[in-house]
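Student: Attaching a single structure in structure tokens format; questions to follow.
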Amino acid sequence: EADCKIFLTASDHVRAQRRCRELADRGTPVDYETVLEDMRRRDEQDRTRAVAPLQQAEDAVLLDTSAMNFEQSAAALVQIIEEKLAHEA
């Protein structure tokens, strides 16, 4: 029943690249293919679990951040929220 629902996503390849970069920055580099396969396995488990499967709500705005950096993603989120709340007022 939130005033603004957003389903945030990015391609599995981009998410794996981001995760690899994050781990490398922490000093624990991991093989890209390993990260990608683990991510795909977890995504499938999340989508198909019996209780509360991960899925976009019918009234949620889809935001794909595959081509965005952090700052662009944050700005897009703020814009969606502001537009949604302006229409509610």
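Student: Against the longest principal axis of the chain, how steep is helix 32-48, in degrees 0 to 90 to the nearest 10, with axes from Cα atoms?
Tutor: Once rounded, the angle reads 40 degrees.
Student: Tell me, what is the per residue accessible area of the chain in Å², probe radius 1.4 Å?
Tutor: About 75 Å² of surface per residue is accessible.
Student: Now for a different question. Percent of accessible area on the chain owned by carbon and sulfur, 1.4 Å probe?
Tutor: Ligands and nucleic acids excluded, carbon and sulfur reach 52 percent.
Student: If contacts are Cα pairs under 8 angstrom and at least 6 residues apart, what is the relative contact order of the chain in percent? Before the final figure, lay out the partial values.
Tutor: Numbers: 66 pairs, mean separation 37.6, N = 89.
Over the chain, the number comes to 42 percent.
Student: Then there's this: Rounded to the nearest 0.05, what FRET efficiency do A57 and T28 give with R0 = 41 Å and r taken as the Cβ-Cβ distance? Could you check?
Tutor: Efficiency computed from Cβ-Cβ geometry: 0.75.
Student: Need the full-extension length gain, D64 to D38, defined as separation in residues times 0.36 nm minus the C-alpha distance. One decimal, nm.
Tutor: So the extension gain works out to 7.3 nm.
Student: Of L36, V51, A76, which is farthest along the charge dipole of the chain in the positive direction, counting Lys and Arg as +1 and Asp and Glu as -1 at C-beta?
Tutor: Farthest towards the positive pole: L36.
Student: Using only protein heavy atoms and a 1.4 Å probe, report how much of H13 is accessible, in Å² to the nearest 10.
Tutor: 80
Student: Residue separation times 0.36 nm, minus the C-alpha to C-alpha distance between E83 and E71: what's the value? Don't skip to the end; give the middle numbers.
Tutor: Values: separation 12, 0.36 × 12 = 4.32 nm, distance 1.83 nm.
Once the chain is fully extended between E83 and E71, it gains 2.5 nm.
The values are calculated or read from the model by the stated rules, or taken from the named source; none is laboratory data. A quick note: this is a predicted structure, and the numbers were derived from the prediction, not measured. Virtual Cβ from ideal backbone geometry, glycine too; neighbours counted across all protein chains shown. The area values use the complete protein model at the heavy-atom level, side chains included, leaving out ligands, DNA and RNA. Shrake-Rupley method; radii C 1.70, N 1.55, O 1.52, S 1.80 Å.
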